[in-house]
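> Sharing a structure here in structure tokens format.
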Amino acid sequence: MSTYWCEQAWLPGGVTGGVLVRTDRGMITGVSTVDSPPLGARRLPGVVLPGFANAHSHAFHRALRGRTHGDGGTFWTWREGMYTLAAKLNPENYLRLARAVYAEMALSGVTAVGEFHYVHHAPGGKPYADPNAMGEALRQAAAEAGIRLTLLDTCYLSAGFGDPLAREQLRFGDGDAASWAARVAAMPEDPNTRIGAAIHSVRAVPRDQLADVVSGAEGRPLHVHLSEQPAENEACQAAHGRTPAELLHEAGALSPRTTAVHATHLTTGDIALLGGTGTGSCFCPTTEADLADGIGPARELADAGSPISLGSDQHAVNDPILEARALEHHERLRTGQRGRFTPAELLQASTVDGHRALGWPDAGVIAVGNRADLVALRLDSVRTAGCRPDQVLLAATASDVDSVVSGGELIVRGGEHIRLGAAGPLLAKAINEVWA
């Protein structure tokens, strides 16, 4: 049992002063107000928010940060660098890299991550002795960093519409959807891990196997890269005479347990399909800007009934506060209007709807019966001094995270990771090892 006293906390009714949060076995068992911290309670400074959910991560992409900008290029040329990096991974170095990346996330206030995982096998496509060795490395990495994991095990079968996997993609594939589903079914869940599923994209799973993936993902969170690039839409229209969203709908893939990642280049009909089926939309604004993907119709999707979540994708930054702010700023740039998403809506996307997209419906709110995930943001930094606590997401950055509680355990204190120490050297060592 642990007790935390918050100078201020964002409760369901709004920001409240002097909040005492009692926890037991990782859950919140009491929320009350008291003017000063009682004996034995740990003080959390500033304003305390629920833990953030990073709904879309490719952990190994973190090793590309600061290495892809010299020659400009496009998403497709960036992808070649990603393939080079993917070829260097093995279960041992991926464990060390992912652990450092998840520690960086913890420092930014993330308490649950959705790992869109497609590097399954050894280079050349031969399975490891444990066919899920790479996924198990991610499971261990998240547990050691102190955050929850939803492993979105990804079906990746083709290089494009009708094209076999290229040499550098062979380690991503399982041959067919049935073999993918059998491998995923062998992975057990645990108290810290959900096993979800993903369709990499409509170009990577043949039309006649999409429904098999949906069936194999029954009862699990299902994520899919959707319409990230105009070229994908054009190729899908040429091959099948319909948009990627229409193709997914035809296969039964759109539903409230599904999340469309990026959802950038959509038609009006696509927006209606996602909203009408309750399919979520995960935006990754810093990645979408970094890769020059474009700006998706976030407000229209939300208004149509598609819950919005946020992810860091390739980790151009690991900062859920900046992702939330960029969601609003992209809307302002796209429409010429301010206040497209209120601060409360940005918090909802960062917490409640992100956790639900990852299969953790009892997280994202500071209330009895929810997971004890707390993020204390300082209000006295050069960024946040003078800002209203209920507008802190429009002022702060991850550098203002002072303390993080994940499942009732204090994992970050004073901006330092308690279990793993300084994250910078940890990241540098792991990244240098992979590239070496």
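> Taking 0.36 nm per residue of sequence separation and subtracting the Cα-Cα distance, how much length would be gained by fully extending the chain between Asn192 and Thr267, in nm to one decimal?
That works out to 23.2 nm of additional length.
> Give me the accessible area of Glu136, 1.4 Å probe, in Å² rounded to the nearest 10.
60 Å²
> Quick one: if the Förster radius is 45 Å, what FRET efficiency do Leu394 and Ala238 give, using the C-beta to C-beta distance and rounding to 0.05?
Using R0 = 45 Å, I get an efficiency of 0.60.
> When all protein chains stay in place, what accessible area (Å², nearest 10, 1.4 Å probe) is found for Arg42?
Using a 1.4 Å probe on the heavy atoms, I get roughly 100 Å².
> Using only alpha carbon pairs under 8 Å that are at least six residues apart, calculate the relative contact order of the chain and give it in whole percent.
Value for the chain: 20 percent.
> Label region 111-245 by shape, choosing from rounded, prolate and oblate, from the square roots a ≥ b ≥ c of the eigenvalues of the Cα gyration tensor; if a/c is under 1.5 it is rounded, and otherwise prolate applies when a/b is larger than b/c, oblate when it is not.
Since a/c reaches 1.5 and a/b is larger than b/c, the shape of region 111-245 is classed as prolate.
> Could you give the dipole magnitude of region 55-126 about its Cα centre, charging the beta-carbon of Lys and Arg +1 and that of Asp and Glu -1, in debye to the nearest 20?
Taking the Cα centre of region 55-126 as origin, the dipole is about 120 debye.
> Applying 1/(1 + (r/R0)^6) with R0 = 30 Å to the Cβ-Cβ distance of Arg79 and Glu218, what FRET efficiency is obtained, to the nearest 0.05?
0.45
> Let me check I have the definition right: for region 54-160, take the eigenvalues of the Cα gyration tensor, multiply each by 5, take square roots. What are those semi-axes in whole Å, largest first?
Semi-axes, largest first: 22, 19, 12 Å.
> Another question, if that's okay. Could you state how much accessible area Ile295 has, in square angstrom rounded to the nearest 10, with a 1.4 Å probe and all protein chains kept in place?
Its accessible surface works out to 70 Å², give or take rounding.
> Just to be sure I understand: with springs between alpha-carbon atoms less than 10 Å apart, which residue in Arg371, Arg171, Arg242 has the highest mean-square fluctuation in the Gaussian network model of the chain?
Arg242
> Return the ratio Rg/(2.2 N^0.38 Å) for region 198-282, where Rg is computed over Cα atoms only.
Rg over 2.2 N^0.38 Å, computed on Cα atoms: 0.95.
> With each label point set 7 Å from Cα along the Cα-Cβ vector, what nm distance links Arg25 and Met1?
Placing both labels 7 Å beyond Cα along the Cβ direction yields 1.4 nm.
> While we're on this one: Label point 7 Å out from Trp435 along Cα-to-Cβ: which residues of region 87-102 have amide N under 19 Å?
87-90, 93-102
> Shifting gears a bit: Whose amide H sits under 5 Å from the amide H of Thr279, counting only residues 5 or more places off or on another chain, with H placed in the peptide plane?
Ser255
> Treat every Asp and Glu Cβ in the chain as -1 and every Lys and Arg Cβ as +1, leave all other atoms uncharged, and give the resulting dipole magnitude about the Cα centre to the nearest 20 debye.
760 debye
> Could I ask something else about it? Tell me the angle of helix 91-107 to the major Cα principal axis of the chain, expressed in degrees between 0 and 90 and rounded to the nearest ten.
Tilt relative to the chain: about 40 degrees.
> Build a GNM of the chain with springs between Cα atoms under 10 Å: which of Gly216, Gly336, Gly160 gets the top mean-square fluctuation?
Gly336
> Would you mind telling me the antiparallel percentage of the DSSP bridges in the chain, rounded to 5?
Counting DSSP beta bridges with both partners in the chain, the antiparallel share is about 45 percent.
> Debye sum, Cα scatterers, region 1-92, no solvent: what log₁₀ I/I(0) at q = 0.10, 0.11, 0.22 1/Å?
These q points yield log10 I(q)/I(0) values of -0.53, -0.58, -1.07.
> Helix 133-145 against the longest principal axis of the chain: what's the angle in degrees, Cα atoms only, rounded to the nearest 10?
10 degrees
> Over all directions, what mean area does the Cα convex hull of region 157-237 project, stated in square nanometres?
The orientation-averaged projected area of the Cα hull of region 157-237 comes to 6.0 nm².
> Can you tell me the Rg and Dmax of region 320-436, counting just the alpha carbons, in angstroms?
That works out to 16.5, 48 Å for Rg and Dmax.
> Let me ask you something else. Got a sec? What order do Arg22, Arg220 fall in by accessible area at 1.4 Å, biggest, i.e. largest, first?
Listed by decreasing accessible area, they come as Arg22, Arg220.
> Under a 10 Å cutoff between Cα atoms, tell me which one of Ala260, Ala159, Ala142 has the largest fluctuation in the Gaussian network model of the chain.
Ala159
> Please list Trp180, Trp435 from largest to smallest accessible area, probe radius 1.4 Å, with all protein chains kept in place.
In descending accessible area the options line up as Trp435, Trp180.
> Full-extension gain between Arg413 and Arg65, please, as 0.36 nm times their residue separation minus the C-alpha to C-alpha distance.
122.7 nm
> Rounded to the nearest 0.05, what FRET efficiency is calculated for Ala344 and Arg167 with R0 set to 41 Å and r the Cβ-Cβ distance?
That pair, Ala344 with Arg167, gives E of 0.25.
> If you average the C-alpha positions of region 382-410 and of region 76-135 separately, how far apart do those two centres end up, in angstrom?
After rounding, the separation between the Cα centres reads 29 Å.
> Ok, one more. What is the diffusion coefficient of the chain in µm²/s, taking the Kirkwood radius over Cα pairs and the Stokes-Einstein relation at 10 °C with a viscosity of 1.306 mPa s?
The diffusion coefficient I find is 73 µm²/s.
> Using label points projected 7 Å from each Cα along Cα→Cβ, tell me how many nm separate Thr335 and Arg207, to one decimal.
Result: 3.5 nm between the two label points.
The values are calculated or read from the model by the stated rules, or taken from the named source; none is laboratory data. Here the structure is a predicted model, which is why all the values come from computation and not from measurement. As a convention, Cβ positions derive from the backbone with ideal geometry for all residues, glycine included, and neighbour counts pool all protein chains shown. For accessibility, only protein heavy atoms count, side chains too; no ligands or nucleic acids. Shrake-Rupley method; radii C 1.70, N 1.55, O 1.52, S 1.80 Å.
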